[in-house]
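Below you'll find the structure, written out as structure tokens, and then a few comments.
What follows is calculated from the coordinates using simple rules that are stated; it is not laboratory data. Quick caveat, the model's predicted, so the values are computed rather than measured. Positions of Cβ are generated from backbone atoms using ideal geometry, with glycine treated the same way; all protein chains shown enter the neighbour counts.
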Amino acid sequence: MPELPEVETICRSLAPHITGKVLAGVEVHAPKLRRPLPTAAELRAVTGQRITALERRAKYLIWHLDGGGALIIHLGMSGQLCFHHGPHPAELHTHVIFHFQEGGQLHFRDPRRFGSLDLAAPGELAGLPMLCELGVEPLSSAFTAEYFRERLGATRRVVKTVIMDQRVVVGVGNIYANEALFQAGIHPLRPGQSLSPAEGEALQLAIICVLGKAVERGGTTLSDYRNADGEPGFFQLDLAVYGREVEPCPRCGGQIVRLRHEGRSSYLCEACQK
Ligand SMILES: [Zn+2]
């Protein structure tokens with residue numbers, strides 16, 4: 001599933017292809033993904049509008065339009081956006097094709113159909129529930145040690161659940177949660193409020209470090225992930241614990257174990273993570 005670094009990478013690779021271009025048409029090949037797609041009439045209303053900027057908020061890609069509205073894409077579990085400079089046939093699972101007046105087309109493929117495409121009318125974007133309930137961006141100045149300590153201190157929920165809670169901090173999915181907890185030396189199942197201020201700060205810095213590094217490396221390549229130019233990411237080379245059950249811990253040489261909690265796998269070193 002694309003997490004924050006992958007969506008950031010897609011946003012950066014897509015921006016030069018579509019920013020400043022005018023939408024010439026949107027071709028829809030499926031009635032719905034996670035929810036129904038905009039209607040033909042709604043899509044006609046944004047045709048002819050120029051994309052003034054591309055922005056990532058959590059795992060949403062927001063296209064700001066010169067009419068004042070916006071187009072919002074979520075890639076779900078398996079969504080891909082691939083830009084083609086010339087005509088390109090719709091492949092299997094291509095559900096939406098965006099055409100641009102200046103040429104080129106962008107294909108939105110999503111084999112598992114958990115993605116979404118929504119339109120926001122002018123002035124409506126900031127108030128959309130899917131956006132306004134989100135927590136802070138982990139790579140922004142709003143994600144301070146103080147903010148994070150407060151949120152940890154207020155809950156008995158396990159620390160891994162807290163860092164994956166999008167209302168606390170956005171974009172920390174399972175892979176990066178495992179990696180950040182390993183880096184900070186914290187056991188994933190400890191209650192949030194049991195962390196000392198120093199541990200809270202270590203974890204806050206680890207989240208920033210792990211996500212920042214993953215963005216730098218172009219994301220982690222899972223089976224379906226590609227950026228807008230069809231290139232895979234390279235962060236999986238750097239994963240210390242995720243997916244490495246029974247392999248040696250890179251820090252102490254002990255064995256990495258896998259625990260199941262709330263339906264997700266946690267990978268950790270029990271000697272290094274207390
Ligand atoms: Zn270890």
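Values for this structure:
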{"read-out": "Cleavage-rule hits (trypsin sites (Lys or Arg not before Pro)) in region 136-182: DSSP loop, at most 11 neighbouring Cβ within 10 angstrom", "value": "R156, R167"}
{"read-out": "Region 4-132 shape via C-alpha gyration tensor axes, a/c threshold 1.5", "value": "rounded"}
{"read-out": "With Cα atoms, 0 to 90° folded angle of helix 197-216 axis to the chain main axis", "value": "40"}
{"read-out": "Three-way shape call for region 119-274 based on the alpha-carbon gyration tensor, with the a/c threshold at 1.5", "value": "oblate"}
{"read-out": "Whole-Hz ³J(HN,Hα) from phi, Karplus 6.51 cos²θ - 1.76 cosθ + 1.60, for region 14-21, glycine and proline x", "value": "7, 3, x, 7, 10, 5, x, 8"}
{"read-out": "FRET efficiency, 1/(1 + (r/R0)^6) with R0 22 Å, evaluated for L259 and L131 via beta carbons", "value": "0.10"}
{"read-out": "Local electrostatic count, A240, Cβ distance below 9 Å [Lys/Arg +1, Asp/Glu -1]", "value": "0"}
{"read-out": "Whichever lysines have a C-alpha closer than 23 Å to that of K274, once near sequence neighbours (fewer than 8 apart) are set aside", "value": "K160"}
{"read-out": "L189 versus R157: modelled label distance in nm, points set 7 Å from Cα along the beta carbon direction", "value": "1.8"}
